[in-house]
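Asker: Here's a structure for you.
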Amino acid sequence: METNIAIQEDWSIFRKIGFRFAFLFFALLILPFPFTTPLNLLNSFWLGQAFADFWSWTTQFVGSNILGIEGFSNPVTGSGDKTYDWVQKLSVLGISVIGTIIWSAIDRSRKNYHRVWRWFVLLVVFYLVYYMFFYGFIKVYWLQMSPPRIDRLLKTYGQSSPMGLLWTFMGASKTYSVYAGMSEVIAGTLLLFRRTRTLGGMVTFGVMFNVFMLNLSYDVPVKLFSAQLMIMGLYVAMIDRKAIFGLLLFQKSVNPTPWPPMFKTPVKNYILLLIQVLLVFQFVQSNVKRGVDGRSRYGELRPKSALYGLYDVEHYVKNGDTIPPLMTDKERWQRVIFDAPGSTRTIFMNDRSRYFNSKIDTVESTVTFTIGRDSLSKEYTVRYKKLEDGLQMEGVLEQDTLALKLKTYDLKNFYLTNRDFHWVSERPWHVYDTLPKPNW
């Protein structure tokens with residue numbers, strides 16, 4: 001009965017205009033989801049490329065010809081807040097406004113858009129579910145802000161960018177990373193069910209508002225996309241705004257918006273349900289697989305160097321001369337970091353760093369450094385000997401003969417990653433240690 005009433009209901013002119021704008025604005029942001037992402041059905045066919053070409057042409061046209069931006073381009077930088085992205089969102093807004101005006105002029109007599117609106121909400125919901133799961137699971141598996149590596153632990157707060165500081169403090173706590181990820185996964189899960197969809201929209205808005213504020217406060221270049229997800233979550237929640245405000249502000253009981261079956265026949269509804277279940281299964285399994293694989297490849301279970309650790313360079317002999325540890329020396333090594341299996345990092349006395357591609361042979365006790373690329377690359381083999389508290393290394397690196405004595409630095413000295421949890425604390429353990437110094 002409620003369904004029939006809703007279908008026959010006359011929408012106000014403002015509600016119809018609002019729906020037309022929201023439909024165009026969100027659809028332009030969402031499509032071609034889910035056909036290209038996450039299903040990967042049409043990535044190599046005309047649809048995905050057509051959307052990419054359309055937005056490339058439109059954004060270029062608006063940026064160059066309307067806004068007059070010189071040298072306008074879309075470089076691949078990893079940022080989602082480039083000038084190109086802002087112009088693209090402005091283009092979406094402009095097309096939506098123009099489209100709403102045209103749509104309103106040619107479709108003035110329609111009573112409502114109830115049927116289209118329900119399908120539109122379903123599209124928005126599954127778009128949100130996908131990205132809540134995507135960002136949620138990579139936090140649950142401690143991958144988006146992964147545990148700080150040795151080189152990160154050596155940096156001072158002042159040397160870090162705001163974004164780098166955010167990544168460090170989030171990555172320093174597995175508990176908080178999992179909590180933040182589960183908040184997003186729970187928000188996406190609540191969106192799936194008709195009875196909890198309004199709550200899911202509210203939780204999504206709250207979670208993404210926090211993410212948006214972190215992006216603003218720490219200058220993370222995902223402000224546009226986090227704001228987009230936040231607004232979409234609010235849109236879903238506000239479908240039941242009368243019930244929400246009636247309960248929270250006026251303490252009145254207002255019936256929530258009904259979410260009846262999409263079709264009149266049970267068979268069609270079961271088919272739709274099956275499609276939704278398969279979509280959710282795809283979302284979950286792909287993210288779980290990504291999380292498990294990522295945890296083993298670059299997360300907390302990643303492979304580590306056979307000589308893993310931080311070493312202070314106690315003695316540095318170069319071409320037969322013992323080089324003293326002067327802080328003004330630009331060539332003497334101060335520290336050596338073995339972290340990932342295929343690389344070695346050296347830190348000079350003036351804190352300058354250099355990365356080497358390296359290969360460790362534990363049988364021959366050698367470290368082979370590769371310098372240069374392709375046909376110009378050269379390999380230099382340095383022998384090492386394990387000591388009780390460090391390493392001895394000897395060999396030729398580039399044009400220099402080196403003899404080094406390295407002392408192991410105990411990684412447990414880093415408070416940030418070694419402070420255990422305490423229910424009972426007699427006093428605040430609020431300490432800061434200076435940058436770890438060599439034990440010369």
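The values are calculated or read from the model by the stated rules, or taken from the named source; none is laboratory data. Everything numeric here is computed off the predicted structure, so don't read it as measured data. Quick reminder, even Gly has a Cβ in these numbers, built from the backbone with ideal geometry, and neighbours come from all protein chains shown. Accessible surface areas use protein heavy atoms only, side chains included; no ligands, DNA or RNA. Shrake-Rupley method; radii C 1.70, N 1.55, O 1.52, S 1.80 Å.
Asker: Which residue out of Ile371, Ile347 is of a type in the set (Val, Ile, Thr), farther than 21 Å from Tyr409 by Cα and out of contact with any Cys (no Cβ under 9 Å at 6 or more places or on another chain)? Before you say what the answer is, go through the steps one by one.
Answerer: On the way: Ile347 fails: farther than 21 Å from Tyr409 by Cα.
Step by step, each of Ile371, Ile347 is checked, and only Ile371 is of a type in the set (Val, Ile, Thr), farther than 21 Å from Tyr409 by Cα and out of contact with any Cys (no Cβ under 9 Å at 6 or more places or on another chain).
Asker: Now, a different point. Condition (residue is more than 30 Å from Phe133 (Cβ to Cβ), open to solvent by 90 Å² or more (accessible area, probe 1.4 Å) and not hydrophobic (A, V, I, L, M, F, W, C)) applied to the stretch 286-298: is it met by at least one residue?
Answerer: Step one: list which residues in the stretch 286-298 are more than 30 Å from Phe133 (Cβ to Cβ), which gives none.
Scanning the stretch 286-298 turns up no residue that is more than 30 Å from Phe133 (Cβ to Cβ), open to solvent by 90 Å² or more (accessible area, probe 1.4 Å) and not hydrophobic (A, V, I, L, M, F, W, C).
Asker: Name, by its number, the condition in (1) in contact (Cβ under 8 Å) with a residue 60 or more places away in the chain; (2) under 21 Å from Pro34 (Cα atoms); (3) in contact with a helix residue (DSSP H, G or I) (Cβ under 6 Å, 6 or more places away or on another chain) that does not hold for Leu310.
Answerer: (2)
Asker: Just one of Leu67, Leu90, Leu165 is hydrophobic (A, V, I, L, M, F, W, C), in contact with a Phe, Trp or Tyr (Cβ under 7 Å, 6 or more places away or on another chain) and open to solvent by 20 Å² or more (accessible area, probe 1.4 Å); which is it?
Answerer: After applying the criteria, what remains is Leu165.
Asker: Next up: Cβ-Cβ distance below 6 Å, separation of 6 or more or different chains: which pairs start in the stretch 235-254 with a residue that is farther than 14 Å from Val121 by Cβ and end on one that is open to solvent by less than 100 Å² (accessible area, probe 1.4 Å) and part of a helix (DSSP H, G or I)?
Answerer: Pairs found: Lys252/Gly246; Val254/Ala243; Val254/Gly246.
Asker: Could you give me the residue pairs with C-beta distances under 6 Å whose first residue belongs to the stretch 19-37 and is under 11 Å from Tyr235 (Cβ atoms) and at pLDDT 95 or above, whose second residue is polar (S, T, N, Q) and open to solvent by less than 10 Å² (accessible area, probe 1.4 Å) wherever it lies, and which are 6+ apart or on separate chains?
Answerer: Correct list of pairs: Phe25/Ser96.
Asker: Residue check: is His422 open to solvent by 100 Å² or more (accessible area, probe 1.4 Å), over 25 Å from Val317 (Cβ atoms) and without any contact (Cβ under 8 Å) to a residue 24 or more places away in the chain?
Answerer: Details: open to solvent by 100 Å² or more (accessible area, probe 1.4 Å): no; over 25 Å from Val317 (Cβ atoms): yes; without any contact (Cβ under 8 Å) to a residue 24 or more places away in the chain: yes.
No, not satisfied.
Asker: Looking only at the stretch 142-158, count every residue that is aromatic (Phe, Trp, Tyr) and over 14 Å from the mean Cα position of the chain (by Cα) and tell me the total. If you could, list the steps in order and put the result at the bottom.
Answerer: Here is the first cut: in the stretch 142-158, the residues aromatic (Phe, Trp, Tyr) are 142, 157.
So of that shortlist, the ones also over 14 Å from the mean Cα position of the chain (by Cα) come out as 157.
Result for the stretch 142-158: 1.
Asker: Let me ask something else about it. I want to confirm something. Restricting to the stretch 218-237 and keeping residues that are assigned to a helix (DSSP H, G or I) and among the hydroxyl-bearing types (Ser, Thr, Tyr), which single residue is surrounded by the fewest Cβ atoms within 10 Å (Cβ to Cβ)?
Answerer: Applying the first criterion (assigned to a helix (DSSP H, G or I)) to the stretch 218-237 yields 223-237.
From what's left, among the hydroxyl-bearing types (Ser, Thr, Tyr): 226, 235.
Working: Ser226: 22, Tyr235: 18.
Ranking the qualifying residues of the stretch 218-237, first place goes to Tyr235.
Asker: While we're here: Quick check: is even one residue across the stretch 86-95 modelled with pLDDT under 90 and either farther than 13 Å from Leu24 by Cα or part of a helix (DSSP H, G or I) (or both)? It would help to see each step written out before you state the result.
Answerer: Of the stretch 86-95, the ones modelled with pLDDT under 90 are none.
Looking for residues that are modelled with pLDDT under 90 and either farther than 13 Å from Leu24 by Cα or part of a helix (DSSP H, G or I) (or both), one finds none in the stretch 86-95, hence no.
Asker: May I ask you to verify whether Lys139 is under 22 Å from Thr204 (Cβ atoms), under 20 Å from the mean Cα position of the chain (by Cα) and not polar (S, T, N, Q)? Let's see the steps before the verdict.
Answerer: Details: under 22 Å from Thr204 (Cβ atoms): yes; under 20 Å from the mean Cα position of the chain (by Cα): yes; not polar (S, T, N, Q): yes.
Criteria met by Lys139.
Asker: Could you grab me the full set of residues in the stretch 171-189 that are in contact with a Ser or Thr (Cβ under 9 Å, 6 or more places away or on another chain) and either acidic (Asp, Glu) or crowded, with 21+ Cβ neighbours inside 10 Å (or both)?
Answerer: Gly171, Ser177, Glu184, Ala187, Gly188, listed by residue number.
Asker: I'd like to know if the stretch 238-250 contains one or more residues that are aromatic (Phe, Trp, Tyr) and surrounded by fewer than 16 Cβ atoms within 10 Å (Cβ to Cβ). Full working, then the answer.
Answerer: Looking only at the stretch 238-250, we keep the residues that are aromatic (Phe, Trp, Tyr), and these are 245, 250.
Adding the requirement that they be surrounded by fewer than 16 Cβ atoms within 10 Å (Cβ to Cβ) leaves 245, 250.
Yes; the residues of the stretch 238-250 include at least one that is aromatic (Phe, Trp, Tyr) and surrounded by fewer than 16 Cβ atoms within 10 Å (Cβ to Cβ).
Asker: Residues that are among the acidic types (Asp, Glu), at least 2 per element: which strands (runs of 3 or more DSSP E) completely within the stretch 254-348 meet that?
Answerer: Values: elements: 309-318, 333-338, 343-348.
Hits in the stretch 254-348: 309-318.
Asker: Assigned to a helix (DSSP H, G or I) and not small (Gly, Ala, Ser) - does that describe any residue in the stretch 67-76? Explain how you work it out, then say what you get.
Answerer: Going through the stretch 67-76, the residues assigned to a helix (DSSP H, G or I) turn out to be none.
No, the stretch 67-76 contains no residue that is assigned to a helix (DSSP H, G or I) and not small (Gly, Ala, Ser).
Asker: Test Val382 against the stated conditions and say whether it is assigned to a strand (DSSP E or B), touching a strand residue (DSSP E or B) at 6+ places or on another chain (Cβ under 8 Å) and open to solvent by 50 Å² or more (accessible area, probe 1.4 Å).
Answerer: Values: assigned to a strand (DSSP E or B): yes; touching a strand residue (DSSP E or B) at 6+ places or on another chain (Cβ under 8 Å): yes; open to solvent by 50 Å² or more (accessible area, probe 1.4 Å): no.
Against the criterion (assigned to a strand (DSSP E or B), touching a strand residue (DSSP E or B) at 6+ places or on another chain (Cβ under 8 Å) and open to solvent by 50 Å² or more (accessible area, probe 1.4 Å)), Val382 does not qualify.
Asker: Further question: Quick one: which residue in Arg345, Arg352, Arg373 is in contact (Cβ under 8 Å) with a residue 24 or more places away in the chain and either open to solvent by 90 Å² or more (accessible area, probe 1.4 Å) or in contact with a helix residue (DSSP H, G or I) (Cβ under 7 Å, 6 or more places away or on another chain) (or both)? Before the answer, list the steps.
Answerer: On the way: Arg352 fails: in contact (Cβ under 8 Å) with a residue 24 or more places away in the chain; Arg373 fails: in contact (Cβ under 8 Å) with a residue 24 or more places away in the chain.
Only one candidate qualifies: Arg345.
Asker: Out of Asp53, Asp81, which single residue is of a type in the set (Asp, Glu), closer than 28 Å to Asn215 by Cα and open to solvent by 20 Å² or more (accessible area, probe 1.4 Å)? Outline the logic, then answer.
Answerer: On the way: Asp53 fails: closer than 28 Å to Asn215 by Cα.
Of Asp53, Asp81, the one residue that is of a type in the set (Asp, Glu), closer than 28 Å to Asn215 by Cα and open to solvent by 20 Å² or more (accessible area, probe 1.4 Å) is Asp81.
Asker: Name the pairs whose Cβ atoms lie under 6 Å apart, with the first residue in the stretch 154-171 and closer than 20 Å to Met213 by Cβ, the second open to solvent by 70 Å² or more (accessible area, probe 1.4 Å) and not in a helix (DSSP H, G or I), and 6 or more positions between them or separate chains?
Answerer: As it stands, the answer is Pro162/Asp219; Met163/Asp219, since those pairs meet every condition given.
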